[in-house]
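What follows is a set of notes on a single structure, which appears directly below.
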Amino acid sequence: RTGTSPLTIEHKNTERIVKVEANVVGQAAGRVGARAKQAVARITPPPGFTIRVAGSFEEMMETFRDLGFAMLIAILLVFMVMASQFESLRDPFIILFTIPFALIGVIWALAATGTTLSIVSGLGVLVLVGIVVNNGIVYIDFVNQLRRNEGMALEEAVKEAGRVRLRPILMTSLTTIFGLIPLALQIGEGSEFWSPLGRAMIGGMAVSTFLPLVFIPVLYVIFETRSERARLRRAASAAARTPGQ
């Protein structure tokens, strides 16, 4: 008998599939994919059928999950390196607070330039994890040197380190920012693909350079003050037990 049938029969994981494909123009693929996923969720498929959003949207979501996992590993490795160098867990913990400031800068930069969060800009965030901690390392290490070698008081060492290390911190950060400006402005062949990376890194570097100059010293003083009080309490408690023994 005469009938109709598909021109090709496709299978994936031993299951027969039918694709409904479309191209995205003028909008972010992730936003369109999310809207399509919401629309598909309202459809009740017949028995034995399933509907899911796949293709580039599914690959993009998997890539974002991989980037998030890679970022967690990067943060852990950076913390382990700093902990081994500082021989302390408190100082690396304080320095890692520069990373949230970098994320704030990335969001601001992407929103200001109308750039969507993509895989390329996500790579910029991953790179920032290892870069933005440098300023905190330079600052905290110099504070510790002043307290250990010069015998400075806590607040005096924090102020002196801020005055002395301000210039090298600004020099290293500004050279990186200005070096990324041509990439962010899409100057050159093929730069339109990598421009989100430049914009994300510029925003993250700018915010993580200036805000931590105030936040990191305050956080350092708070942690050191609490640690000093705890040491004094332990010393007082030990001294009180000594006469009885």
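Between Ile222, Ile140, Ile119, the GNM of the chain built on Cα springs shorter than 10 angstrom shows Ile222 fluctuating the most. Approximating the spin labels as points 7 Å out from Cα along Cα→Cβ, the Ser56-to-Ala240 distance works out to 6.9 nm.
Each eigenvalue of the Cα gyration tensor of the range 40-82, multiplied by 5 and square-rooted, gives one semi-axis; in descending order these are 38, 10, 7 Å.
Per-residue ellipticity at 222 nm, computed for the chain from helices alone with -39500 (n - 2.57) per DSSP H run of at least four residues, works out to -25000 deg cm²/dmol.
Accessible surface calculations at 1.4 Å, restricted to protein heavy atoms, place the chain at 67 Å² per residue.
Counting only protein heavy atoms and a 1.4 Å probe, tell me what percentage of the chain's accessible area is made up of carbon and sulfur.
62 percent
Take the Cα of Arg163, go 7 Å toward its beta carbon, and the backbone nitrogen atoms of the range 122-152 under 15 Å from that spot belong to 143, 146-147, 152.
When the chain is treated as a GNM with alpha-carbon contacts under 10 Å, the residue of Val81, Val133, Val125 showing the greatest mean-square fluctuation is Val81.
What is the calculated FRET efficiency for Phe69 to Thr225, with r their C-beta to C-beta distance and R₀ = 35 Å, to the nearest 0.05?
Working: r = 36 Å, r/R0 = 1.04.
Calculated value: 0.45.
The values are calculated or read from the model by the stated rules, or taken from the named source; none is laboratory data. As the structure is a computational prediction, the values presented were derived from the model and not from experiment. With ideal geometry, Cβ positions are generated from the backbone for all residues, glycine too; neighbour counts draw on all protein chains shown. Calculation scope for accessible area: heavy atoms of the full protein, side chains included, ligands and nucleic acids excluded. Shrake-Rupley method; radii C 1.70, N 1.55, O 1.52, S 1.80 Å.
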